[in-house]
Structures are given as structure tokens and as C-alpha cells.
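The values are calculated or read from the model by the stated rules, or taken from the named source; none is laboratory data. From a predicted model like this one, the values you see are computed outputs, not experimental measurements. Cβ coordinates were reconstructed from backbone atoms using ideal geometry, including for glycine residues, and neighbour counts include every protein chain displayed. Only protein heavy atoms, including side chains, enter the accessible area calculation; ligands, DNA and RNA are left aside. Shrake-Rupley method; radii C 1.70, N 1.55, O 1.52, S 1.80 Å.
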Amino acid sequence: MSNESCTLVPLGLCPASPIQLHPDGKICILGRSPGASLRLDSQLISRQHASLHFQNGRWSITDLASRHGTTLNGIPLEARQPMPLRSGDRIGLNPWTLRFDMGSNEGATLIQSAVTDSGGKVVVMAPSKERSEAQNQLDLLITSSVLIYAAATEVEMVTEVAKVCVQGTRCERALIIRFLGTDGRLEIVGEWPAGSVSKRPVSRTLLSGAAKGKPVRLSEDVSFGSAQSIVGTGVNSAVCIPIMIDSAIEAYLYLDQFEENVNYDNVLSFSQAIGRWTGLALMKLQRYELESRQRELLEELAAARQVQERMMGATSGNTGDVVWAMCSIPGQVVAGDIFGVHRSPIQTGATVFLGDVSGKGLGPGLLMAAITAHLEAQLSAGVPAEKAIGDLSNFVVSRATSGQFATFTMAEVDAVAREINFFDAGHGYYCVVDRMGHTKPIAVESGIPIGVIEDFLYATTTIPLAQGDRLVLFSDGLAEQRNDEGEMLGSQRVAAALIGSRSCEEDVARLWELLKEFAKNLKYADDVTIASLMLAADIGL
């Protein structure tokens, strides 16, 4: 099993079971649909609510434009925008929460919970009408709130919270606790006094009671006295306050007393106020964390985009008696589109290629650059296109990471013979347009994408070029773009948009306008590359 495998662990009252995911290229769908990888049966959950995917060495989560949204560590995610995941992240799908666990939990302090306190009675607490010591607690709350909210790290913040709780409630110990799963494992996030967590266990019964979203306390009644319980360990009383971010429980504020009884009315009012303030401070820290991740991702994408733009070169030209025009339109995530025109060193004509590397981000961008450089070197050495595409596939097989490949199409244009040797490696998006702007069907024998199988032989399809014919190529980002109703643009709309077009530049401009009109205000889901080429001798016909 890969060390990049992960587990989704349902927390609290979530009715699902843990699910293990492996980096095998499959997308994990979370939702209400019977076919979802993790099915959550609630009307608040969309049929396809969110997805998890492993790409370029990391896991990410994407909200699939769900009705009620998805949160990461309490922060709402933007629809259809992938967000990198880290071990310990909490994924919120109202009303439930899942923990993303890479399986190590290193750095977390695990504590023992008492399993023999079933004789205890969990009592839901309500605020008292009288507030003893209210002014002192208010002063402490105001003084400490600045320190809590200004904390730069979660550990610094929750330690201050625990300290303030001991001062304001006169309890002897304060802990901030999270559940690590449904098996009773607990994580101590903060404590005061330092080292107190190792002296006595905490009440799992009390934590389970607070998991319903209300503050609870552990009391002792007649039946409680004869039971083996946490009180037998020296704890005289205990209180647990859920710390909320929006409507989800983020952690628990746990207070207990060993020597004297506690005035629960005073404890409840003050600790609830601290709990609410802690939730706000945690939300702020987590928002900063997500913004930092987003900045890192955008920086990677900007670098990948620069690589892509430089490798694609000019947007028009005349190479080897072949005239061409192209445009590359970035999607919301750089996906590694490939385009190039190479003059033949042995005959009049040129070789034109267009492709799309699987995945998104810097990794596919770099693979795109490597593919382009390798192919350019092969063609410059006079390697025929038929052999060059096979060698290119072997190059990707031997060097790309598992699951990386590229759909690819290549056209070797012979300007004298007026024909094209055409190769398709799982791409499928192309057409011939005559000089009146009507598309002509071409039958091409398609092969598998490059980088999948070593020594695969790609078939050659010879396409004759009548006077004025143009070959139009485009990436799947054009044909597979969806509109706000979920419809795919498709090849038929592409063919209709080209009717009446008379030049390479007009072909490209028309398809770009088609894309903008079809998608309207939606961001492009993928990079889009459009190219058109013809023989220079046919210009003006």
C-alpha cells in the first residue's frame, strides 16, 4: 500500500464508517447518491457533494457546487476550486464532519479516557439568572480576548484559553480536546497547568454528551456513589463545553475539579463565553492557513503557466510552407496543454502537434515542457513522425509518475504532395474545413494516450488536402467545457461555428468567441488550445 494512502474518519454522530483511499487515480465522491464512494444520507447533502482526488503527489478536495457547501477546518470552500489537504484536516458537510487522516497522527498528544464512568449522569446545563463574580470574569474575558485572538498558532491560542479558564472558573484543570475518530482516540490540543493531562483521565461519557452540541457536566447522585467511575480517580466534578465553528463542533473545552465543588452557574456562563471566542479565534487561524495554501497553489500555477506560455511560442506563423494560427486560453487550473509547429529538415512542410497532459498544476506543466523538448529534439534530428510519436510515448512511460499520460495528436504536413500523415493518441478533437468553411469528415484510427504502454505502435492516417483546406485542432478544454446548465459544448457546436470561416485566424477567433458565449461568466474548467493550419500556397483562394 502506498504511503500516500489516507483515511476519511467520520467524527461525532456521523453515521458513516471510515473509508480508506489509495492514490490510484480514482476520484472519491462524497454525497447522497447511491453510487457515491462515501454515502451520506441526508437531504442537506447533495447527490454529488464533494470529491477527493490524488494528483501530483498530494490529495485535494473540491466542492462540486453543492447546495449547502463544504467547509475545510470550518472555512467554506469555493465551488469547483480544488484545495490541498493535510493530515488532520476536518471536512464539514453539514450536518457532519469527517477527518482527513494520512495515518500518522505524529505531533498529536494522545490521552487516556476513562471507560468505567458509565455510572455517571450527564446533565445538560443551563445558564443561571444570577451571575456571581460576573464582573471579575468579564474583566478577565476582556483582558484575555486580545491575547487569544492575537495568537499566531493554534497551540499558543488554546494554551492561553486553558489558562484563562482555570483563572476564571477556579477549576484545577482545563483541557482543549478533539476526537481523532469513532474509536475513542482523543487528541489534547491545549492544557493548563502544563503536564496535568497525564495525572488523571478524562470522561468519555462527558465528551459524548457534549457531542450533541450542548454544555454538560458530570454529577454524582445516589446510584453514582456505588459505581466505579471517574470520581474514583479523584475528580470531584467535571464540565465539558463544545467549541463551535458555525454549526459544527471543532473541539471541546473540558474543565474538572479534584478537591472542592464548583459553582456550575459561574463555570457555565464564563466558559461558554470563552468557548465562543475560541471558536472565532480558531476560525481566524484556519482561514489564514487556507489562504496560505491557496497562495502557494496560485504561485505554483503561475509558474506552470509561464512554462506553458514559453513552450507554446508564437500565436501565428509561416513554417515550411505551412501557415498557422493558434490561441491558448488558461483555465482555472493550469493543465499542461501542448502545442508546437516544427519545420521538417528533410522536405517541404512542417509537423504540427497538440496535446494535453493529465492532471493539473506545476507537475503536468513541467511534463508538458519535457514532452515538447523531447519531441522537438526528435524532429530536429530528422526522425519521421511515425517513429517520433512512439519514442515520445516510451519517454513518458519511463519518466512520468504513476498515472501520468498525455492525449496527443500530430500532423506531418507534406506541402508538395498536399497530404497529411496524421497520428491520434487518444485525443479525438480535430476536423478539416474546406475553403467555404464547411467541415469534412475524416476517418482516423485512434491509439491510446502516450505514456500508457511501452512500445505501442500508432497507426498512420493519410489525409489529402484539397485547395483551401484547413486542419483545425483543439484540446478537450473547448469541447468539454460546460455551461451553467451543465451542458457540454461538444464537437457539433464547434463545426457549426466554423461554417463560413475563410482563414486560420478566423477559425481560431470564431471558436474563442464560441467558448466565451457558451461559458458566459463561468470559469473555464480546463486549459483551452485552438489551432488552425493550411498550406501557404492556398492563401487567398
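Going down the table (K387/K516; K121/K199; K163/K212; K440/K516; K284/K520), which pairs top 28 Å between alpha carbons?
Values: K387/K516 38 Å; K121/K199 23 Å; K163/K212 26 Å; K440/K516 25 Å; K284/K520 34 Å.
In this structure, K387/K516; K284/K520 exceed 28 Å between Cα atoms.
Report the calculated FRET efficiency for A79 and A381 (r = Cβ-Cβ distance, R0 = 35 Å), to the nearest 0.05. Could you put the intermediate results ahead of the total?
Working: r = 48 Å, r/R0 = 1.36.
The formula returns an efficiency of 0.15 here.
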(request) Enter the accessible area per residue of the chain (Å², integer; probe 1.4 Å; all protein chains in place). (result) 45 Å²
(message) So if I take the centroid of the Cα atoms in the stretch 25-67 and the same for the stretch 451-513, what is the distance between those two points in Å?
(response) 32 Å
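Once you sort the root eigenvalues of the Cα gyration tensor of the stretch 319-473 as a ≥ b ≥ c, which label holds: rounded (a/c under 1.5), prolate (a/b larger than b/c) or oblate (the other case)? List each step's numbers first, then the result.
Values: a/c = 1.71, a/b = 1.44, b/c = 1.19.
Since a/c reaches 1.5 and a/b is larger than b/c, the shape of the stretch 319-473 is classed as prolate.
Note the full-extension length gain between D434 and R170 as 0.36 nm times their separation in residues minus their Cα-Cα distance, in nm to one decimal. Don't jump to the answer; show the numbers that get you there.
Details: separation 264, 0.36 × 264 = 95.04 nm, distance 8.67 nm.
Residue separation times 0.36 nm, minus the Cα-Cα distance, leaves 86.4 nm.
Can you tell me, using C-alpha contacts under 8 Å and at least 6 residues apart, the relative contact order of the chain as a whole percent? Before the final figure, lay out each step's value.
On the way: 1201 pairs, mean separation 56.2, N = 541.
Rounded, it is 10 percent for the chain.
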(request) Compute the acute angle (0 to 90°) between the alpha-carbon long axis of helix 504-519 and the principal axis of greatest extent of the alpha-carbon atoms of the chain; round to the nearest 10°. (result) 30 degrees
(message) I need the calculated FRET efficiency for the pair L522 and K214, taking r as the beta carbon distance and R₀ as 51 Å, to the nearest 0.05.
(response) 0.75
(request) Could you order F456, F339 so the one with the most accessible surface comes first? Probe is 1.4 Å. (result) F456, F339
(request) Filter the GluC sites (Glu not before Pro) in the stretch 442-517 to those in DSSP coil with at most 16 other Cβ atoms within 10 Å of their Cβ, and list the result. (result) E445, E454, E480, E485, E487
(message) Place a point 7 Å from Cα of A373 in the direction of its Cβ. Which residues in the stretch 449-470 have their backbone N less than 16 Å from it?
(response) none
(message) Rounded to the nearest percent, how much of the accessible area of the stretch 413-541 (1.4 Å probe, protein heavy atoms only) is carbon and sulfur?
(response) 53 percent
(request) Mind pulling the angle between the C-alpha long axis of helix 154-169 and the longest principal axis of the chain? Nearest 10 degrees, somewhere in 0 to 90. (result) 20 degrees
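Taking every pair of alpha-carbon atoms in the chain, give the share separated by more than 33 Å as a whole percent. Mind showing how you got there, number by number?
Values: 78393 of 146070 pairs.
Within the chain, distances greater than 33 Å cover 54 percent of Cα pairs.
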(request) Pull out the extension gain between S316 and Q43, defined as 0.36 nm times the separation in residues minus the alpha carbon to alpha carbon distance; nm, one decimal. (result) 93.0 nm
(request) Let me know the Rg and Dmax you get for the stretch 1-84 when you use only its Cα atoms, in Å. (result) 12.5, 35
(message) With the crude spin-label approximation of a point 7 Å out along Cα→Cβ, what separation in nm comes out for T7 versus I142?
(response) 4.8 nm
(message) Helix 385-399 against the longest principal axis of the chain: what's the angle in degrees, Cα atoms only, rounded to the nearest 10?
(response) 20 degrees
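Arrange the residues Y288, Y252 by how much accessible surface each exposes, largest first, with a 1.4 angstrom probe.
On the way: Y288 130, Y252 15 Å².
Largest to smallest exposure gives the sequence Y288, Y252.
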